[in-house]
1. Test G216 against the criterion of being within 24 Å of L285 (Cβ to Cβ), in contact (Cβ under 8 Å) with a residue 12 or more places away in the chain, open to solvent by less than 60 Å² (accessible area, probe 1.4 Å) and touching a Gly at 6+ places or on another chain (Cβ under 6 Å), and give yes or no.
2. Can you say whether N47 is more than 19 Å from V129 (Cβ to Cβ) and part of a helix (DSSP H, G or I), as far as the supplied structure shows?
3. Which of (1) open to solvent by less than 60 Å² (accessible area, probe 1.4 Å); (2) modelled with pLDDT of 95 or more is the odd one out, the single condition R151 does not satisfy?
4. Is it true that some residue in region 85-101 is touching a residue at least 12 places away in the same chain (Cβ under 8 Å), more than 29 Å from F136 (Cα to Cα), open to solvent by less than 30 Å² (accessible area, probe 1.4 Å) and of a type in the set (V, I, T)?
5. Consider E78 carefully, then state whether it is open to solvent by 10 Å² or more (accessible area, probe 1.4 Å), among the charged types (D, E, K, R) and part of a helix (DSSP H, G or I).
6. Being part of a helix (DSSP H, G or I) and free of Cβ contacts under 8 Å to residues at least 24 places away in the same chain is the filter here, so list the residues in region 50-67 that pass it.
7. Name the residue, out of I105, I114, I169, that is of a type in the set (V, I, T), over 30 Å from W272 (Cα atoms) and surrounded by 22 or more Cβ atoms within 10 Å (Cβ to Cβ).
Amino acid sequence: ATSYNNLASIYKDLGDYKSALVAQQKAISIIEQVYESDHPHIATSYNNLAGIYRDLGDYESALVAQQKDISIIEQVYESDHPRIATSYNNLATIYFYLKNFSGAIEMTQQAYAILKGALPEGHPNTETVKGNLLYFYQQYGDHLRGTGNYRQAIEQYQLVFAETQNGEIANSIGLCHYYLAEYSQAIEYYQMAYENQGIAAPAYWNNTGMAHAKLGQFPQAHKCFSELQKLIPDNGLVYRDWCLYYCLKGETQPALDHLAKAIELGYDNLDWLQTEPALAPICPLPPFQALLQTLQSQKQ
């Protein structure tokens, strides 16, 4: 059984996961005959088996194997033993691949709590699990933002930002506030993102300018869009922004002119043009409808 287990490990290192699976299953078939059902060696073999299934992308089978491992080690070891933390962390990874974000976070939190209590402060194993936890928070936040659950996404992002002050996370929080029409908070986080190099200059001026425009802060929006135009003068996004700016100011013709320029330069986000509330004053107008039809025909 030990030899088959070692062979599985070699196959795994070679990237031959199917052969690793066969060897690991042979190891398990032997040790389950030799040892009592709650022996730690059986748990270890199922833990290894779960890892192989995970490498094969068979996450449902990996979940079953990892749960068998955990069912044994929870009987054998004290609840605060680092071996349990290892399996919880592995189970969290499987949950993550299964898109069970809450399960992944819960198991990683438990693993982290065990390691914090069992190992010296700053131990590499503890820091690795902490890193996993922050990664899962961020990924769950991205998932929630992608499904329009902006308030819940902010909660996840804030857990990461509190630990890292990461500029990319600050930008994500800013975007969520923007979609919630909380424009002042969006600007605040865009600024933090920019200061922490978490957002490129064009994106910063675009995002901040849009938020200022929505607040009716037209001098600030004008400055932002002017800076954006200096950076990417031939990008249709610049003129898209000016279109929104003039719409919000009630200046119909400049808005239409800039929209025409945006489309000429390649701006083609039909969804935004059809759903952005700020464009309501120009949407019914024939020139806008003509531009929309032109863009639709270009996409066909």
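The values are calculated or read from the model by the stated rules, or taken from the named source; none is laboratory data. Just so it is clear, the model here is predicted, and its values are computed rather than measured. Using ideal geometry, Cβ is built from the backbone for each residue, glycine included, and neighbour counts are taken over all protein chains shown. Areas reflect the complete protein model, heavy atoms only, side chains present, ligands, DNA and RNA absent. Shrake-Rupley method; radii C 1.70, N 1.55, O 1.52, S 1.80 Å.
1. Working: within 24 Å of L285 (Cβ to Cβ): yes; in contact (Cβ under 8 Å) with a residue 12 or more places away in the chain: yes; open to solvent by less than 60 Å² (accessible area, probe 1.4 Å): yes; touching a Gly at 6+ places or on another chain (Cβ under 6 Å): no.
No.
2. On the way: more than 19 Å from V129 (Cβ to Cβ): no; part of a helix (DSSP H, G or I): yes.
No; evaluated as a whole, the condition is false for this residue.
3. R151 satisfies all of (1) open to solvent by less than 60 Å² (accessible area, probe 1.4 Å); (2) modelled with pLDDT of 95 or more except (1).
4. Residues of region 85-101 that are touching a residue at least 12 places away in the same chain (Cβ under 8 Å), as a first pass: 85-99, 101.
Subsequent filtering for residues that are more than 29 Å from F136 (Cα to Cα) retains none.
No.
5. Numbers: open to solvent by 10 Å² or more (accessible area, probe 1.4 Å): yes; among the charged types (D, E, K, R): yes; part of a helix (DSSP H, G or I): no.
Answer is no for this residue.
6. Residues of region 50-67 part of a helix (DSSP H, G or I): 50-56, 59-67.
Of everything in region 50-67, those that are part of a helix (DSSP H, G or I) and free of Cβ contacts under 8 Å to residues at least 24 places away in the same chain turn out to be S61, V64, A65.
7. Numbers: I105 fails: surrounded by 22 or more Cβ atoms within 10 Å (Cβ to Cβ); I169 fails: over 30 Å from W272 (Cα atoms).
From the options I105, I114, I169, the qualifying one is I114.
So that you can scan it fast, the table gives a plain yes or no per residue for (1) open to solvent by 50 Å² or more (accessible area, probe 1.4 Å); (2) over 32 Å from the mean Cα position of the chain (by Cα):
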site: Q185; (1), (2): yes, no
site: A211; (1), (2): no, no
site: P233; (1), (2): yes, no
site: Y245; (1), (2): no, no
site: L248; (1), (2): yes, yes
site: K261; (1), (2): yes, yes
site: N269; (1), (2): yes, no
site: P277; (1), (2): yes, no
site: F288; (1), (2): no, yes
